[in-house]
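Reviewing the structure listed below.
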Amino acid sequence: MKQIYLHPLPVRIWHWVNAGCFFVLIVTGLQIRYRDLMQLMDFRAAVDVHNFFGFALIINFMLWLVYYLLNGKIRIYIPDLHPARLLRSMVRQARFYGYGIFRGEANPHHPSPDHKFNPMQQMAYLSLMVILLPLQIVSGLLLWDLKGFAVLIGMVGGVKAVSSVHVLLNMFFIAFLYVHIYLTTLGRSPMEHIRAMVTGFEDAEEQTSH
Ligand code: HEM
């Protein structure tokens, strides 16, 4: 076994600030939406906290984007563009998660700093970071200032359409979190990947890492 430095400090800071913002936004978002069913906090306070953490998440997202674009590492998020190869490696990875793992087989993907994600992670993280999170940010910004963005809101179908997108994406993110946290516990020990996202270092077998 050797240790590889998988998660640079800026990525780790981004990740945990992002997770904290997600947690607060989900709780306050539910309080705003279901104010008759939940009494965790006053409605006005929930809106203020939601707005504050929404902007914190946006700034954090911008830092993530600038970091990954400037150092060119964004390519770790880009899947193999050869359709047949991509399909083969996705099937191999899915087979591991759905079958091989229960038979004690080794994970077919061996992460390295330049090839950190398996093809399923690449597809999931890329759509998350490049489509779904930006969409959530834009819909949140529109809802934050209904008057200021009235024209734009009208152009995309009205307040109801925007808030439906925002709420549906929120449901998707909650579902993603279940799967994401479950999958991150599937290392050699349940805490292996989570510890790596804290320290930056992960154990790798000498002969298999590249
Ligand atoms: C308590 C909640 C969370 C835990 C325990 C957790 C855990 C982890 C771990 C262990 C990794 C590294 C292993 C891997 O790449 O799969 C990771 C990566 C990642 N997580 Fe999370 N996560 C959490 C919340 C979130 C949330 C809310 C998001 C929403 C966008 C998220 C998005 C990501 C992304 C995009 C990566 C890849 C980061 C990179 O290396 O560039 N995570 N997470």
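List of remarks:
- Hits in the range 59-74 (condition: more than 16 Å from the chain's Cα centre (by Cα), surrounded by 11 or more Cβ atoms within 10 Å (Cβ to Cβ) and under 14 Å from His115 (Cα atoms)): Lys73
- Test set (1) closer than 19 Å to Ala19 by Cα; (2) exposed (fewer than 13 other Cβ atoms within 10 Å of the Cβ) - Met129 fails condition number: (2)
- Selection of the range 66-110 for residues being in contact with a helix residue (DSSP H, G or I) (Cβ under 9 Å, 6 or more places away or on another chain) and aromatic (Phe, Trp, Tyr) yields Tyr67, Tyr68, Tyr77, Tyr97.
- No other residue among Asp80, Asp48 is within 26 Å of Asn18 (Cβ to Cβ) and surrounded by fewer than 17 Cβ atoms within 10 Å (Cβ to Cβ) apart from Asp48.
- Residue match in the range 8-25 (condition: within 10 Å of the ligand (Cβ to nearest atom), in a loop (DSSP other than H, G, I, E, B) and under 29 Å from Ala196 (Cα atoms)): yes
- Residue list for the range 1-24, filter: in contact (Cβ under 8 Å) with a residue 12 or more places away in the chain and among the aliphatic types (A, V, I, L, M): Met1, Ile4, Leu6, Leu9, Val11, Val17, Val24
- Unique match (being out of contact with any Pro (no Cβ under 7 Å at 6 or more places or on another chain), small (Gly, Ala, Ser) and surrounded by 11 or more Cβ atoms within 10 Å (Cβ to Cβ)) among Ser163, Ser89: Ser163
Residues are listed down the side, and each one gets a yes or a no for (1) in contact (Cβ under 8 Å) with a residue 24 or more places away in the chain; (2) part of a loop (DSSP other than H, G, I, E, B):
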position: Leu142; (1), (2): no, no
position: Lys147; (1), (2): no, yes
position: Leu152; (1), (2): no, no
position: Phe176; (1), (2): yes, no
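- Look at the range 183-198: where a residue is free of Cβ contacts under 8 Å to residues at least 12 places away in the same chain and within 6 Å of the ligand (Cβ to nearest atom) and a partner is of a type in the set (Val, Ile, Thr) and not in a loop (DSSP other than H, G, I, E, B), sitting 6+ places away or on another chain with Cβ atoms under 7 Å, you get His193/Thr184; Ile194/Thr184.
Rule-based calculations on the coordinates, nothing more; no lab input. Everything quoted here is computed from the prediction, not taken from an experiment. Because the Cβ atoms are built from the backbone with ideal geometry, glycine has one as well, and the counts that use them run over all protein chains shown.
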